[in-house]
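Below: the structure, in C-alpha cells.
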Ligand SMILES: NC(=O)c1ccc[n+]([C@@H]2O[C@H](COP(=O)([O-])OP(=O)(O)OC[C@H]3O[C@@H](n4cnc5c(N)ncnc54)[C@H](OP(=O)(O)O)[C@@H]3O)[C@@H](O)[C@H]2O)c1
C-alpha cells in the first residue's frame, strides 16, 4: 500500500474534482496536504474532513505569483517542509476560436499556463534546498493532441506538457522529478456551463476524479530510482 507518511504536498485545484480527490488520496496515504483554491468554504470543509493536524487550506488564485508563494510558504510554516507540488488548478471552456470571449480565453491561458509556471517557481527553490522533490502537473489528453472545439484549451495543455518535458531535462539531475498526467474526460465540475452540463449522459462513462487521484498517488510513491514523464489515461469508453 502506498505510504506517504511524513511527506508534505502542496496541491492546487483542491476545492473540486481531481484536486480534491488527490488531496483525499494523499492524506489517506499519510501525507500532510496544503490545499489551494479560491473557494474558502470548500477549503474549510476539506480541512475539517481531513483534519487540521494534517491539512491546511490556502485561499489563493494561481494567476498571482505571490499567492503561489504563499501556498508554498504555508507548507513550510505549518509542516516544516515540502516534498511535492501537484499543480492541478485549471479551467476549460469549449467552443471554436471565435466563439469564446477575449476574457474567457485570457483567463484560461493565465490560469492554465502562467498559473502552473508560478506554482513551480514557488516550489523549486525549496526542492533545491532540500535536495529533491516531485512536481506533478495535471495536464490533459488535450495536451497531446488538438481538438476542434477546444483549440485554446489544448494549447494551454500542450504548454503544460512542454513545460514538464523541459523541466525534466533541467531539474532531473537535481533530483527533482516532473510528471505530466494527461487524463481524458473526467466526470467533475470542469467546464460546467462552458460546454458541459450536469445531466450530460457522457459523464457517467468518463474517468472519475478518483482514477486520476490514484495516478497522482502512484507517481508520488514511485521508487527513487525511477521517474514517470507522461502518464496518459482514458476511460475505457473514450475513443482516441
Ligand atoms: N475534467 C476533465 O475532463 C479533465 C480532463 C483532463 C484534464 N483535466 C484537468 O484537470 C485539472 C482539474 O480539473 P477538474 O476536472 O478537477 O475540474 P474542476 O472540478 O472544475 O476543478 C478545478 C479546480 O481548479 C481550481 N482553479 C481554477 N482556476 C483557479 C485559479 N485561478 N486559482 C486557483 N484555483 C483555480 C478550482 O478552484 P476554485 O474555483 O475554488 O479556485 C478547482 O479546485 C484541470 O487542470 C483540468 O484542465 C480535467
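Below are the figures for this structure:
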{"read-out": "Flag if residue 124 is out of contact with any helix residue (DSSP H, G or I) (no Cβ under 6 Å at 6 or more places or on another chain), assigned to a helix (DSSP H, G or I) and more than 18 Å from residue 179 (Cβ to Cβ)", "value": "no"}
{"read-out": "Residue satisfying all of: in the stretch 224-240; touching a helix residue (DSSP H, G or I) at 6+ places or on another chain (Cβ under 9 Å) and surrounded by fewer than 12 Cβ atoms within 10 Å (Cβ to Cβ); modelled with the lowest pLDDT among these", "value": "240"}
{"read-out": "Residue 133, sole failed condition from (1) over 14 Å from the mean Cα position of the chain (by Cα); (2) within 8 Å of the ligand (Cβ to nearest atom)", "value": "(2)"}
{"read-out": "Yes/no for residue 46 being under 19 Å from the mean Cα position of the chain (by Cα), away from the ligand (no atom under 14 Å from the Cβ), crowded, with 17+ Cβ neighbours inside 10 Å and part of a helix (DSSP H, G or I)", "value": "no"}
{"read-out": "Residue satisfying condition, being farther than 27 Å from residue 70 by Cα, at pLDDT below 95 and in contact with a helix residue (DSSP H, G or I) (Cβ under 9 Å, 6 or more places away or on another chain), within set 146, 184, 193", "value": "146"}
{"read-out": "Evaluation of residue 19 against (1) in contact with a helix residue (DSSP H, G or I) (Cβ under 8 Å, 6 or more places away or on another chain); (2) closer than 19 Å to residue 179 by Cβ (one fails), failing number", "value": "(1)"}
{"read-out": "All positions within the stretch 225-240 that are without any contact (Cβ under 8 Å) to a residue 24 or more places away in the chain and under 25 Å from residue 135 (Cβ atoms)", "value": "225, 226"}
{"read-out": "Within the stretch 166-207, tally of residues that are more than 10 Å from the ligand (Cβ to nearest atom), touching a residue at least 24 places away in the same chain (Cβ under 8 Å) and either buried (at least 21 other Cβ atoms within 10 Å of the Cβ) or within 30 Å of residue 126 (Cα to Cα) (or both)", "value": "11"}
{"read-out": "Filtered residue count, the stretch 51-86, keeping only those that are part of a helix (DSSP H, G or I) and within 15 Å of the ligand (Cβ to nearest atom)", "value": "9"}
{"read-out": "Subset of the stretch 91-108 [buried (at least 17 other Cβ atoms within 10 Å of the Cβ) and either part of a helix (DSSP H, G or I) or more than 21 Å from the chain's Cα centre (by Cα) (or both)]", "value": "95, 100, 105, 108"}
{"read-out": "Members of the stretch 7-42 that are within 13 Å of the ligand (Cβ to nearest atom), surrounded by 23 or more Cβ atoms within 10 Å (Cβ to Cβ) and in a loop (DSSP other than H, G, I, E, B)", "value": "13, 14, 15"}
{"read-out": "Meets criteria (within 21 Å of residue 217 (Cα to Cα) and within 15 Å of the ligand (Cβ to nearest atom)) for residue 89", "value": "yes"}
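The values are calculated or read from the model by the stated rules, or taken from the named source; none is laboratory data. Computed from a predicted model, the values in this text were never measured in an experiment. Positions of Cβ are generated from backbone atoms using ideal geometry, with glycine treated the same way; all protein chains shown enter the neighbour counts.
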